[in-house]
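Here is the structure we will look at.
What follows draws every value from the coordinates through simple rules; no lab data is involved. Please read these numbers as outputs of a predicted model, since none were measured by experiment. Positions of Cβ are generated from backbone atoms using ideal geometry, with glycine treated the same way; all protein chains shown enter the neighbour counts.
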Amino acid sequence: MVYTESEHRVCPKCGSTNLERDEKHGELVCRDCGTVVDYLIDYGPEWRAFNADQRAQRERTGAPISERHPHKLGDTIIDDRDTHGRRLVDWRFRRLKRWDRWISNDPVSRNIRSAVELIERVCSQANIPRSIVDEAIRIYRKAVEKDLVRGRSIENTAAAALFMACKKRKHPRTIKEIAKLFGITPKDINRTHRVLLRHLNERMPAPDPKQYLSRFATELGVSEDVEMLAREILEKAEKKGLTVSRNPAGLAGAALYLAGLLKAKEYIEEYREKMKEAESEEEKEKLERELNEKLRTCRRTQPEVAKISGVTEVTIRNRYKELAEELGLEVPDPTKIDVPA
């Protein structure tokens, strides 16, 4: 078969469109220079089916390997014939199906199935990506294989597995957030998390406060300028070793709070100069409205930041003061900056 110009395939060597399919060797060849332009590989089955029943009978493969299935394999259809193609008698086929039910419903499979359903439901509610769901299921399965689930609830182990998966995939969630999703206490997750870390030999990346910034900034409703300044503050803090042995979520919250104060101070000074130059009361009122609008996008209270960060107000207060002092930043008194209603 010769290709025509209308098919828009050309030889990369000579630019000819005079191409031919070599069905015997499975190649697309240029007839002018002999270059093999492409290989014709058929990825389909070697059999044909004319209806759904024939397809079901002739298919020899099932679903791809999946962490979500108890045995890592998708569901398959049990054929009613043996390896020689002879039809099984009814009593043998019934026994085969009974064995299949027993294998699929052993305690380990039931445990994994329950955990998978729980993790998927929780992650769906929290909009956690599919890749993290699969990673959490993989960690949970590993815990089952090492017999670490015995004596522990499915909720505790699944929550600890999800917490680890979020950290591994650099999509961190605080322990309080995970605990709230599963309806358990942070202490339960911490206890199980330590056991999994000790026995599963999973390499966990060092905690990075910057990974929390985007989500916290979005939930607090602060501007991009505040987020960028908070990121700069954390980068400087990392270089000085101020983030070591500190709660990353607390540091991220403190950096956002500190950045909000600094931006508020900057806006107030900027608009104070503009108001001095204003020629009318109307212009001053307009500038004041603009200033209030900017303050709304940068200034947040300590209780607001603490709630989003999952830490106490004391932690936010101590961390932001520590960052300001160590980095030599002049911070205004928060009580003297009014937050517009």
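Give the shape of the range 108-200 as rounded, prolate or oblate, defined through the alpha-carbon gyration tensor: a ≥ b ≥ c are the square roots of its eigenvalues, a/c under 1.5 means rounded, and otherwise the shape is prolate if a/b is larger than b/c and oblate if not.
In terms of gyration-tensor shape, rounded.
Determine the relative contact order of the range 210-336: mean sequence separation of Cα pairs under 8 Å and six or more apart, normalised by residue count, in whole percent.
Relative contact order comes out at 34 percent.
Hey, can you rank 186-199, 305-318 by average C-beta count inside 10 Å, highest first?
305-318, 186-199
So which aspartates and glutamates pass the test for Lys13, namely a Cα distance under 17 Å, with those fewer than 8 places away in the same chain ruled out?
Glu5, Glu27, Asp32, Asp38
Please enumerate, by chain and number, the lysines with C-alpha under 26 Å from the C-alpha of Lys236, excluding those fewer than 8 residues away in the same chain.
Lys167, Lys168, Lys170, Lys210, Lys263, Lys265, Lys294, Lys307, Lys321
If neighbour count is taken as other Cβ atoms inside 10 Å, put Phe93, Phe163, Phe50, Phe182 in order from fewest to most.
In increasing order of surrounding Cβ atoms, one gets Phe50, Phe93, Phe182, Phe163.
For helix 313-327, report the angle its Cα long axis makes with the longest principal axis of the Cα atoms of the chain; keep it between 0 and 90° and round to the nearest 10°.
The helix 313-327 is inclined about 80 degrees to the chain.
At a threshold of 8 angstrom on Cα-Cα distance, excluding pairs fewer than six apart, so keeping six or more, what relative contact order does the chain reach in percent?
9 percent
Just going by the charge dipole of the chain, with Lys and Arg at +1 and Asp and Glu at -1 on Cβ, which of Asn318, Ala136, Pro205 is farthest out on the positive end?
Ala136
For every helix of n ≥ 4 consecutive DSSP H residues, a contribution of -39,500 (n - 2.57) applies; sum these over the chain, divide by its total residues, and give [θ] at 222 nm rounded to the nearest 500 deg cm²/dmol.
Calculated from helices alone, the mean residue ellipticity at 222 nm is -18500 deg cm²/dmol.
Which of Thr174, Gln125, Asn156 sits farthest toward the positive end of the charge dipole of the range 108-200, with +1 on the Cβ of Lys and Arg and -1 on the Cβ of Asp and Glu?
Thr174
Using only the Cα atoms of the range 210-336, construct the convex hull and provide its projected area averaged over every direction, in square nanometres to one decimal.
Answer in nm², one decimal: 7.8.
Using 0.36 nm per residue, how much length does the chain from Glu322 to Lys97 gain when fully extended, once their Cα-Cα distance is taken away?
The span from Glu322 to Lys97 would gain 74.4 nm if fully extended.
Charges at C-beta only: +1 for Lys and Arg, -1 for Asp and Glu. How large is the resulting dipole of the chain about its Cα centre, in Debye rounded to 20?
The calculated dipole for the chain is roughly 2520 debye.
Quick one: length gained pulling Val331 to Val36 fully straight, 0.36 nm per residue minus the C-alpha distance?
Value of the extension gain: 99.2 nm.
With θ set to phi - 60°, apply the Karplus curve 6.51 cos²θ - 1.76 cosθ + 1.60 along the range 166-174 and write out the HN-Hα couplings as whole Hz, x wherever there is a Gly or Pro.
Working through the residues one at a time gives 4, 5, 5, 8, 6, 10, x, 10, 6 Hz.
Skipping prolines and chain starts, which residues have an amide H placed within reach, meaning under 5 Å, of the one on Val37, given they are 5 or more residues away or on another chain?
Correct list: Leu28, Val29, Cys30.
For the chain, place one equal point scatterer on every Cα, skip the solvent, and apply the Debye formula. What is log10 of I(q)/I(0) at q = 0.08, 0.13, 0.14 Å⁻¹?
Taking Cα atoms of the chain as identical point scatterers yields -0.69, -1.00, -1.08.
Looking at Leu40, Ile308, Ser114, which one has the Cα that reaches farthest to the positive end of the dipole of the chain (charges on Cβ: Lys, Arg +1; Asp, Glu -1)?
It is Ser114.
By how many nm would the segment from Glu293 to Met204 lengthen if fully extended, with 0.36 nm per residue of separation less the alpha-carbon distance?
Working it through step by step, the gained length comes to 27.9 nm.
Could you list the residues of the range 240-267 with an amide nitrogen less than 15 Å from a label point located 7 Å from the Cα of Asp225 in the Cα-to-C-beta direction?
Counting backbone N atoms under 15 Å from the label point, the list is 259-267.
Can you give the charge dipole size of the range 108-200 about its Cα centre, rounded to the nearest 20 debye, using +1 on the beta carbon of Lys and Arg and -1 on the beta carbon of Asp and Glu?
In total the dipole reaches around 300 debye.
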